[in-house]
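For reference, the structure discussed in these notes is given below.
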Amino acid sequence: MAHLHITAWLIAFILLFVVTSFYKQGKAKPGKILHMILRLDYLIILFTGISLFLQYSNISGELIIKVLAGLWAIASIEMITVKTNKDKPTKAWWIQFVIAAVIAIVLGFGRLPLGVLP
Ligand code: HEM
């Protein structure tokens, strides 16, 4: 589950850059298609995140912050892509995305016990 979770958010990060660059070049159609794939990928992140969460019997504050940061990162990715498509400013959402993703990754790899790193 942890491997799939990591693969899924790595794919989301890559698709974020691919989708926004298609939208910026005015290539709406491939942008839209990859955006839909990105949205399916959110579901994989969510599904794997929830099933990791269900392996816990003691829910700590760090775990709750990790989950909220993960959800916040996904929301930011969606806001960045939608706003890029509409030619609206995205800087604030990029900042939120970086903060949320860093919190999720640091807590996930560094602090919380499940997963691939010892
Ligand atoms: C883009 C968003 C996300 C990123 C970058 C992210 C990142 C990570 C990372 C780096 C790990 C540690 C994996 C490991 O140690 O092998 C992890 C684990 C986990 N993630 Fe996420 N995640 C995201 C979204 C989510 C969401 C939306 C949820 C909940 C619905 C979630 C719930 C969890 C849980 C419960 C774990 C297990 C914690 C542990 O290591 O003990 N994540 N995530």
key: Stretchable slack from Val102 to Ile11, in nm (0.36 nm times residue separation minus alpha-carbon distance)   = 31.2 nm
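Treating only the Cβ atoms of Lys and Arg (+1) and Asp and Glu (-1) as charged, compute the dipole magnitude of the chain about its Cα centre; round to the nearest 20 debye.
Working: 11 positive and 4 negative charges, 106 e Å.
It comes to approximately 520 debye.
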request  = Could you state, as a whole-number percent, how many of the C-alpha pairs of the chain are farther apart than 23 Å?
outcome  = 31 percent
Relative contact order of the chain, defined on C-alpha pairs under 8 angstrom at six or more residues apart (%) = 30 percent
remark   = Subtracting the Cα-Cα distance of Ile50 and Lys91 from 0.36 nm times their residue separation yields 11.8 nm
key: Dipole-positive endmost among Ser60, Thr84, Tyr42 within segment 2-111 (Cβ charges, Cα centre)   = Thr84
inquiry  = With n ≥ 4 as the cut-off for DSSP H runs, can you work out [θ] at 222 nm for the chain, using -39500 (n - 2.57) per run divided by the number of residues, rounded to the nearest 500?
reply    = -26500 deg cm²/dmol
ask   = Considering only DSSP states other than H, G, I, E and B, which trypsin sites (Lys or Arg not before Pro) in segment 62-93 qualify as loop sites with at most 14 other Cβ atoms within 10 Å?
value = Lys86
ask   = Quick one: which of Lys29/Lys88; Lys24/Lys66; Lys29/Lys83; Lys32/Lys88; Lys66/Lys88; Lys66/Lys91 span more than 25 angstrom between C-alpha atoms?
value = Lys24/Lys66; Lys66/Lys88
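Any read-out appearing in this document is the output of simple, stated calculations on the displayed coordinates, not a laboratory observation. All values derive from a computational prediction rather than experimental measurement. No Cβ is skipped: glycine too gets one built from the backbone with ideal geometry, and neighbour counts run over all protein chains shown.
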